[in-house]
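Participant: Have a look at the structure that comes next, please.
Every number here is computed from the coordinates shown, using simple stated rules; none is lab data. These numbers were taken from a predicted model, which means no experiment stands behind them. All Cβ positions, even for glycine, are placed from backbone atoms using ideal geometry, and neighbour counts span all protein chains on display.
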Amino acid sequence: MVRVYKSVRLAYEAKVWIDELIQNKERKIKELSQNNFLSTLEQTLLSNHYDELNGVSFNIVLKASIGSVIEESYRNTKHYSIAKWQNLRQKMEKDIKTVNPSLETSVTPRLYLDENVLNGLD
C-alpha cells in the first residue's frame, strides 16, 4: 500500500465533523488497549511471521488521524448509490446548522493517504 501526502482545503464544517470522527476512533482505540488488544496483535504478528520477526522488538502505535478516518469513510461509502448520496447531502445540509462556528480547527490539513483512496476520491 503506497501512501502519499496531500494538502487540501476543507470546509470548516467538514473539518469539525472529521475531528469528531477522530475523537470517536481514539475512544475505540483506548477501549481496545484496555482489553489487551496490542498484546494479542503482537502475538498474532509473531506467530504469522515467526521467521521474519523472531528476535524483533515490537512498538505498535494505534492512532486515528484525519487521513485514517477519510480512508475509512471512503471504503465504507464508495459503493453508495446516487440516491443514497443525495439523502446524505440533505441530512448534512440540516446538520450543518448545528456546527459551532467558534471552534478552533485548521481547515488546511496535510493528509497521509493510501494512493488508491486518493485516486478514488479524485
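Participant: Which of the chymotrypsin sites (Phe, Trp or Tyr not before Pro) across region 36-122 are loop residues per DSSP, with 14 or fewer other Cβ within 10 Å?
Facilitator: Listed in order of number, the matching sites are 58, 80.
Participant: Now for a different question. For an R0 of 30 angstrom, estimate the FRET efficiency from the Cβ-Cβ distance between residue 23 and residue 52 and round to the nearest 0.05.
Facilitator: My answer for the efficiency is 0.25.
Participant: Run lengths n ≥ 4 of DSSP H only: what is the helix-derived mean residue ellipticity at 222 nm for the chain, with -39500 (n - 2.57) per run over all residues, to the nearest 500?
Facilitator: -18500 deg cm²/dmol
Participant: Now for a different question. Is the shape of the chain best called rounded, prolate or oblate, per the rule: a/c under 1.5 gives rounded, else a/b larger than b/c gives prolate, else oblate, with a ≥ b ≥ c the square roots of the Cα gyration tensor eigenvalues?
Facilitator: Judged from the Cα gyration tensor, the chain comes out prolate (a/c at least 1.5, a/b above b/c).
Participant: Something else: Could you calculate the contour length gain from residue 95 to residue 45, that is, 0.36 nm times the residue separation minus the distance between their Cα atoms, to one decimal place in nm?
Facilitator: 13.8 nm
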